[in-house]
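Note sheet for the following structure.
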Amino acid sequence: MPAISPNKPYRIGRSRTGLGLFATKKIKKGSKIVRYFGPMLDSKNKKHDAIDNKYLFEITNRWTIDGSVRKNTARYINHACKPNAESDVSKKKLRVDIRAIKTIHPGEEINYDYGTDYFKEFLKPIGCKCVACEKKRKKKRAEERANKLRLKAKAEKKKLKKISKAKRKLEKAKSKKIAMTTPHAHARGSGKPTKTKSARTKSLRPRQSKSPALASQA
Ligand SMILES: [Zn+2]
């Protein structure tokens, strides 16, 4: 890591995606934070054109800064979709400065938007890990969870409704059956159901009104 003079308003530190640049002092909105620098590559030079790394900062069609050098502290600044700084590019001076677009407070990570090309090539395939995108993902996940729960509750309710409907139907059928069987039971004179035909006929046979003993006495 490059040594940073203590009167600079930033330090290199651990960030969510590796290393990052953090404010150590209050950085006022609009103020220049650090220059993005490195060897200037000329696209007309074949050797230069062959150089490829993640820290190339294209200024014009012809000129690109190779920011991969260790001394370029600005290369530690991570991308953010809702950043607190921006890259201030001067095509005339072939110079890039990172400038605060919000007041940045001590402890806050310094970020700028790397631009659409970088985003498409390097960040989109792995998913942007910036705070704004992480928040968006979290919100989406929470919404998905809530939706799942809602659907589950709905299905549960439907199931319960179905069950109670079936129960009611069964209850109704039962009471109908009882209503149909009750008169027969009374006709036989006993509440107990008979098992065979003979048993049934027997029970339906007219009872003898008097016992033989009583009849002879009369
Ligand atoms: Zn993002």
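Structure notes:
- In this structure, Ile110 does not qualify as more than 16 Å from the ligand (Cβ to nearest atom), among the β-branched types (Val, Ile, Thr), at pLDDT 95 or above and touching a strand residue (DSSP E or B) at 6+ places or on another chain (Cβ under 6 Å).
- Cβ separations smaller than 8 Å between residues 6+ apart or across chains give the following pairs from the range 118-144 residues that are in contact (Cβ under 8 Å) with a residue 40 or more places away in the chain to residues that are within 12 Å of the ligand (Cβ to nearest atom) and assigned to a helix (DSSP H, G or I): Cys128/Phe119.
- Taking the criterion of being over 18 Å from Phe122 (Cβ atoms), surrounded by fewer than 22 Cβ atoms within 10 Å (Cβ to Cβ), more than 16 Å from the ligand (Cβ to nearest atom) and polar (S, T, N, Q), the residues of the range 56-86 that qualify are Thr60, Asn61.
- In the range 121-152, residue nearest to the ligand (Cβ to nearest atom) [restricted to those that are part of a helix (DSSP H, G or I) and surrounded by 13 or more Cβ atoms within 10 Å (Cβ to Cβ)]: Cys133
- Ala3 satisfies every condition listed in (1) assigned to a loop (DSSP other than H, G, I, E, B); (2) within 20 Å of Ile101 (Cβ to Cβ); (3) without any contact (Cβ under 8 Å) to a residue 60 or more places away in the chain except (2).
- Filter pass, Lys91 being surrounded by fewer than 14 Cβ atoms within 10 Å (Cβ to Cβ), within 16 Å of the ligand (Cβ to nearest atom) and at pLDDT 95 or above: no
The values are calculated or read from the model by the stated rules, or taken from the named source; none is laboratory data. Bear in mind the structure is a predicted one, so any value in this text is a computation, not a measurement. Neighbour counts run over all protein chains shown; Cβ positions are idealised from the backbone, glycine included.
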